[in-house]
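So the structure is just underneath, and the comments pick up after that.
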Amino acid sequence: MKLFPEQTYIRNVWKEYAIFPKWYTRAIKHLFEFLFESNCTKKEYLCGMSSTAFLFLYRTSILLLLLASTIITPVYAQIVHKQLSNIDGLSNNSINCIFEDSRSTLWIGTWDGLNAYNGREFKAYRYNKNNPYSISNNVIRQIVEESAERIWFATDYGINRWNAENQNFDSYFCGNDYPIPKHEKSFLLSKTSRQKIVCYVREAGFFYFNNDTQEFKPLTIPNLDSDLKDFAIDSDNNIFFLTASLKVWQGKINHEGDGIVIDLKPEAIEQTVPVSNIFLTQNKLILNYRGHIKIIDKENSYPTTIDVDKNKEVSQIVFHDNSLYVSYYEGGCEQYDLRERTQSVVAGDLFNKTSIFSLYIGSQNILWVGTDGQGLYEIYEHNSPFKSIKTNHPVRSFCETDDKNILIGTKGDGIKLLKKDASKMIDYLNISNGLTSNSIYVVKKNQAGDIFIGSEGEGITILKGKTNKIEKLNGTSGVYFKSIYSICFTNNDSVLWLGTSGYGLIKIELYKNKESYSMKNVTQFTSENTQNALNNNIIYTMMPDDDKTHLWIGTRGGGVYKFNTKTNSFTSWDDIYNISLTNNDILSIQMDSHKNLWIGTSYGLNHIILNGDSAEIKEFTDNEYLPNNTIHGVLEDTNQTIWISTNAGISSINQKNNTIKSYTVNDGLQNNEFADGAYFRGNDNILYFGGVSGLSYFDPDV
């Protein structure tokens, strides 16, 4: 189809800007430039265009305006992988089968017991020879729900019916009247559209459960091989059989009173090619051959065959939302999008070397993966305002450059550069190209756009904003320092203040000659220098006061100090205010838009409302519903909401009513544990928090 020139223009604008969070403002800008820019050629073109073309352009402009007024900042889709194992209460880490019942209880059959999971905790059921109402065997193979009150389980020794009212199991096909099975999977289960339970017992044949007599009755199927490998019943009462000779037959179930009759079709579905397994999923029969699978779909909505890994044995196939999920005993799980004809690996490399026994799609589109030895995995897409990037080293600091890039200091892997649009990081600086250490604790930009880097290494490293060249400032012969955790600038950036771990407070008077920095004077303030009153040499956080004369300094174990930058004197918190903090181990200090202080400690958060020489304190600890008392970072957003990072996720505090909302790794965070010093608010008001497994960033207005 040929496009009008104006259609092509708008389409190109759309393609250029649709990937950006604020694409609509740019698109409107271009549209109005197109319409109203003082350009003779465009004006003549607009005056001369057809009425149809002009109407299209007019409607498009209205559409963009409507989108601009209603668009919402997008949330991010996070793929969450949650592992549940014997540490969480699972009876065994090898999972044979999974089923979610009508009450939303997840049943997990393992090699050592049956488990019921309510989303918080497991309840295990095991065989007990002293309890006649216990399950008959601990190896659970199949689960079928008859009703909310009755669920059936096939084990390696007998079939069991569970009664929800009394939590008891009734056992069938075991005891003195029945021999011990000679083979695995000797008991198979399914049910009809009328909730009739049908079972196959190897070397004994088919049975159905008679509700009137509360017992299993034999079910004769003429012309069917007596030895079966598997069978399944769909919602239309079609029954499919896989015989020991690897042929697939189909029959039809008819209900007659409380009984069942099965009519077998005269010809097998597959007679010439051996079928390894059959799977019935969402009323679709899947035939598994070595190297490919075939879908028997009466609506013929999907391709009939799909190639799979011929070097692996398929363990489970499930259908969900136009996709097939295929797992392997040798490890790995793949997703086949049947409409797009594409293939992808589920959970990346997570299952590459992990044997998978079972797959199940539960409510809320959760994919449950049962492994051999690694327990149960819960995989789901979580729409969250948090965007997280995983790293191999903890994230300890952030800085925004003049060209709006975000630099990320890591503990062990140098400085990374965040590409927000692509949601990934790339290598930027490390010891191979100029850093004194790969453990970066603070990255701070001055007014000139130069980046000052504090690390575990000796001295300060400076990255020039204009040239990207590296310069180093080391201590003088009388002052040695390293392990820099905090950086502040005063006196129009002519004085540099460093908070260190073990070397106290360092004051450096800077002189800049063209593009190079030099030190005029270096002064060190430590606990050994008694006249300066600092009683702790570990400083993780500091910030300038609003009066531009003082610094607020937080120490590890020595509390908070107010430092006069003109007189070089310290005043301890206790000497200023007649109030005590929740703890003197200070991890973070932040001044909010009301010029009040928020002080994070290893035991709680302190909101200090300043009023001259007096102050009021509001404490936030786990007693006030904080999830954790270790406050690594504190930030305020544009709505004056306070955000804190802890060892149990991120929490927000509404200053109007002091209500607290908390978020964890289940909401898309990098980890529940965050890191000291790793908190930052960008010029676009995006908030960044770093932790032990990476970083999380988000727009708090979402």
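The values are calculated or read from the model by the stated rules, or taken from the named source; none is laboratory data. These figures come from a predicted structure and were not determined experimentally. Ideal geometry is used to build each Cβ from the backbone, glycine not excepted, and the neighbour counts take in all protein chains shown. Calculation scope for accessible area: heavy atoms of the full protein, side chains included, ligands and nucleic acids excluded. Shrake-Rupley method; radii C 1.70, N 1.55, O 1.52, S 1.80 Å.
Key figures
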quantity: Pairs of Lys in segment 309-436 closer than 16 Å at Cα, counting only those 8 or more apart or on different chains; calculated: 14
quantity: Residue-normalised accessible area of segment 145-288, given per residue in Å² at a 1.4 Å probe; calculated: 47 Å²
quantity: Relative contact order (%) - criterion: Cα under 8 Å, at least six apart; region: segment 396-464; calculated: 26 percent
quantity: Accessible surface of Thr410 - all protein chains present, 1.4 Å probe, nearest 10 Å²; calculated: 0 Å²
quantity: Selection from Tyr127, Asn564, Ser344 lying farthest towards where the dipole of the chain points positive, charges on Cβ; calculated: Asn564
quantity: Of Thr213, Thr461, Asn529, farthest towards positive along the dipole that unit charges on Lys, Arg, Asp, Glu beta carbons give the chain; calculated: Thr461
quantity: With all protein chains modelled, accessible area of Arg396 [1.4 Å, Å²]; calculated: 20 Å²
quantity: Segment 459-541, dipole about Cα centre (Lys/Arg Cβ +1, Asp/Glu Cβ -1), debye to the nearest 20; calculated: 360 debye
quantity: Extreme residue, positive dipole direction of segment 144-201, given options Gln195, Thr155, Asn168 (C-beta unit charges); calculated: Gln195
quantity: Leu219 accessible area, 1.4 Å probe, all protein chains in place, Å² to nearest 10; calculated: 20 Å²
quantity: Rounded percent of accessible protein surface that carbon and sulfur make up, segment 464-505, 1.4 Å probe; calculated: 40 percent
quantity: Probe 1.4 Å, protein heavy atoms only - accessible area per residue of segment 515-659 in square angstrom; calculated: 44 Å²
quantity: Surface accessible to a 1.4 Å probe, per residue, for the residues of segment 335-432, Å²; calculated: 49 Å²
quantity: Exposure rank, largest accessible area first [Glu146, Glu256; 1.4 Å]; calculated: Glu256, Glu146
quantity: Estimated vicinal HN-Hα couplings, Hz - segment 250-259 in sequence order (Karplus 6.51, -1.76, 1.60; Gly, Pro = x); calculated: 10, x, 10, 8, 10, 8, 10, x, 9, x
quantity: Spatial separation of Cα centroids for segment 146-210 and segment 370-397, in angstrom; calculated: 38 Å
quantity: Sequence of Lys247, Lys656 when ordered by accessible area, the most exposed leading, probe 1.4 angstrom; calculated: Lys656, Lys247
quantity: Surface share of carbon and sulfur [accessible, 1.4 angstrom probe, percent] for segment 234-391; calculated: 41 percent
quantity: Whole-Hz ³J(HN,Hα) from phi, Karplus 6.51 cos²θ - 1.76 cosθ + 1.60, for segment 278-294, glycine and proline x; calculated: 10, 9, 10, 9, 6, 6, 10, 8, 10, 9, 9, 10, 6, x, 7, 10, 10
quantity: For segment 538-586 and segment 485-524, distance of Cα centres in Å; calculated: 18 Å
quantity: Percent carbon-and-sulfur accessible area, segment 581-686, ignoring ligands, DNA and RNA, probe 1.4 Å; calculated: 38 percent
quantity: Cβ charges +1 (Lys, Arg) and -1 (Asp, Glu), total dipole of segment 583-626, debye; calculated: 140 debye
quantity: Dipole in debye (nearest 20) - the chain, about Cα centre, beta carbon charges: Lys, Arg +1; Asp, Glu -1; calculated: 1800 debye
